[in-house]
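What follows is a short report on a single structure.
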Amino acid sequence: QVQLVQSGAEVKKPGASVKVSCKTSGYSFTDYPIHWVRQAPGQRPEWVGWINVRTGVPDFSQQFRARITITRNTSASTAYMELASLRSEDTALYFCAREGARSWNPDYWGQGTLVTVSS
Amino acid sequence: DIVMTQSPNSLPVTPGEPASISCRSSRSLLHSNGNNYLDWYLQKPGQSPQLLIYLGSNRASGVPDRFSGSGSGTDFTLKISRVEAEDVGVYYCMQGIHTPRTFGQGTKLEIK
């Protein structure tokens, strides 16, 4: 079955960087893009960016463009999201999610990784 | 960015009764290929979002047939024919035709 398993919770100080991993299984990794979505407490989900896993080409929401990196390791079937210059407003649950076969939105989601930014 | 607006924000429902959620988009989600790029998700407490409906009206695998989606262009509706206790959570619509993807603000369904 399709599974996306994310790395564990992180606590970071303002100005630091965080890297979240998303290990996939149960399908052909290079056939489906991976999206990253974050959700601050009590807020709606917010789309961060995505990566074409086959080509390695990412795209991002404009608000994150200057400080985000999305990569993948095809041999490990794993995607990564790194966010730099963290501030308190980046405290959120970060999800990776596989794009659907027909829709251009996610179908399967990871369990989420809580990133807390606090001095 | 495309703005997605849902109504209502809160939806108290008696078990066995129907429920309906509206989602409006600030721009058309109808692609030239004939698909409407609008999906519905349910986020149960403490869980990741789960896909219910894709491309406006297609039930995702394993989703009960009491859930249905309709609409085209800028106006969409999610209907639950008979609400069950397990349906509680926050429902989100999400557009998939433009970058950045955007979500509605959510509709919290609760059992009366």
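Each value in this text was obtained by applying a stated rule to the coordinates, not by laboratory testing. None of the values given here were measured: they were computed from a predicted structure. FYI the Cβ positions are ideal-geometry reconstructions off the backbone, even for glycines, and counts take in every protein chain you see.
Some notes on this structure:
- Residue check, A:Ala40 among the aliphatic types (A, V, I, L, M), surrounded by 21 or more Cβ atoms within 10 Å (Cβ to Cβ) and either more than 9 Å from every other protein chain (Cβ to nearest Cβ) or touching a Pro at 6+ places or on another chain (Cβ under 6 Å) (or both): no
- Check on B:Ile80, of a type in the set (A, V, I, L, M), more than 11 Å from every other protein chain (Cβ to nearest Cβ) and surrounded by 14 or more Cβ atoms within 10 Å (Cβ to Cβ): yes
- When segment B:41-71 is filtered for residues that are more than 10 Å from every other protein chain (Cβ to nearest Cβ) and in contact with a Leu (Cβ under 8 Å, 6 or more places away or on another chain), the ones remaining, listed by number, are B:Leu42, B:Leu52, B:Arg59, B:Val63, B:Phe67, B:Ser68, B:Gly69, B:Gly71.
- Residue match in segment A:94-116 (condition: touching a residue at least 24 places away in the same chain (Cβ under 8 Å) and more than 26 Å from B:Tyr91 (Cβ to Cβ)): yes
- Filter result (surrounded by 15 or more Cβ atoms within 10 Å (Cβ to Cβ) and more than 21 Å from A:Val2 (Cβ to Cβ)) within segment B:38-65: B:Leu38, B:Gly56, B:Ser57
Rundown of residues vs (1) more than 14 Å from chain B (Cβ to nearest Cβ); (2) surrounded by 13 or more Cβ atoms within 10 Å (Cβ to Cβ); (3) part of a loop (DSSP other than H, G, I, E, B); (4) touching a strand residue (DSSP E or B) at 6+ places or on another chain (Cβ under 7 Å), yes/no style:
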residue: A:Tyr27; (1), (2), (3), (4): no, yes, yes, no
residue: A:Trp36; (1), (2), (3), (4): no, yes, no, yes
residue: A:Thr116; (1), (2), (3), (4): yes, yes, no, yes
residue: A:Ser119; (1), (2), (3), (4): yes, no, yes, no
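- Looking only at residues in segment A:62-113 that are farther than 19 Å from A:Pro41 by Cβ and touching a helix residue (DSSP H, G or I) at 6+ places or on another chain (Cβ under 7 Å), the one that is surrounded by the most Cβ atoms within 10 Å (Cβ to Cβ) is A:Ser77.
- Residues that are farther than 12 Å from B:Arg101 by Cα and part of a helix (DSSP H, G or I) were ranked within segment A:44-70; the one that is nearest to the chain's Cα centre (by Cα) is A:Phe64.
- Restricting attention to segment A:1-58, the residues that are under 16 Å from A:Val117 (Cα atoms) and not aliphatic (A, V, I, L, M) total 11.
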